[in-house]
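The values are calculated or read from the model by the stated rules, or taken from the named source; none is laboratory data. Computed from a predicted model, the values in this text were never measured in an experiment. Heads up, the Cβs are rebuilt from the backbone with ideal geometry, glycines too, and the neighbour counts pull from every protein chain shown.
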Amino acid sequence: MWRRFVRAIKSIFGGAVGALEDPKRILEQNIRELNDQVPQMNENIATVKANVMLLQKEVKRYEEANHDLSLRIQSAIKVNRDDIAENYALQLQRSREALATSREQLKSARMAYDKALQVKKTFMKEKDRKIREARDAMRESERSQWQARVADTLEQFEIGGMDATHDEMISKIKEETARNEARMELALDSVDSKSLELEFDAEKMKAGEIVNQFKSKMKGDRSLRENDSKDSMMIHPDANDLKSRQTVHSGNSRSR
């Protein structure tokens with residue numbers, strides 16, 4: 001009995017909410033919310049990056065402390081002060097343990113930072129796709145509204161026998177609009193980040209292939225220019241070599 005009552009209440013309020021919903025306004029709000037998430041995501045990534053930098057400084061500080069304590073231990077041993085050396089050794093042991101802990105934390109922080117960057121990249125690609133689909137759906141809604149206004153205008157000039165055809169066309173327009181809205185909602189609900197990552201990797205590989213093609217072409221052009229230069233040198237001797245030969249020949253003539 002209680003379940004039937006709950007279903008009845010949901011049906012009443014659900015119908016009222018559905019009547020108040022404007023798909024275009026909801027899509028505009030969704031676009032604003034998607035854009036508003038970007039600054040918040042950047043702030044979270046900056047926090048993770050700051051943690052990485054702090055841990056890097058902490059690891060460096062412990063490494064320097066370990067090095068300094070090691071030198072102090074050696075100095076104490078040289079002057080036969082084992083008691084001082086043991087004190088420094090205890091500090092060194094605690095510093096080494098702290099260094100190992102900081103290194104583990106730094107490793108985890110770096111992994112978290114890399115994961116955050118990957119999540120942002122996937123989110124930005126999915127955000128652009130959703131916004132593009134939402135705007136396409138809104139344009140479709142505007143076209144449907146325009147068609148509805150045209151249909152309303154035509155109703156004022158109805159002639160006997162046209163009512164059935166006119167009502168049928170209006171019904172088709174509304175059905176088409178409902179189908180487009182349903183398709184849009186399904187598209188917004190379906191998120192496949194893995195496919196987006198594969199698509200991004202494929203585009204990156206394609207760009208790399210294009211760069212390699214340009215490199216091969218430039219390398220071939222450079223080799224061709226070098227071969228042309230060698231052929232030119234074989235056909236036309238060096239001008240200085242020719243001038244030196246002429247000088248030797250002239251000297252021999254004067255000696256004669």
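Numerical summary
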| item | result |
| --- | --- |
| Residue match in the stretch 117-128 (condition: free of Cβ contacts under 8 Å to residues at least 60 places away in the same chain and more than 29 Å from residue 54 (Cβ to Cβ)) | yes |
| Condition check for residue 20: under 41 Å from the mean Cα position of the chain (by Cα) and modelled with pLDDT of 90 or more | no |
| Residue in the stretch 24-34 that is at pLDDT 90 or above and within 30 Å of residue 116 (Cα to Cα) present | no |
| One residue from 110, 139, 132, 103 being within 30 Å of residue 76 (Cα to Cα) and under 32 Å from the mean Cα position of the chain (by Cα) | 103 |
| Residue that is surrounded by the most Cβ atoms within 10 Å (Cβ to Cβ) [pool: residues in the stretch 27-55 that are within 18 Å of residue 129 (Cα to Cα) and among the charged types (D, E, K, R)] | 28 |
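For (1) under 21 Å from the mean Cα position of the chain (by Cα); (2) closer than 30 Å to residue 139 by Cα; (3) assigned to a helix (DSSP H, G or I), each residue gets a yes or a no:
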| position | (1), (2), (3) |
| --- | --- |
| 28 | no, yes, yes |
| 32 | yes, yes, yes |
| 40 | yes, yes, yes |
| 50 | yes, no, yes |
| 61 | no, no, yes |
| 66 | no, no, yes |
| 72 | no, no, yes |
| 87 | no, no, yes |
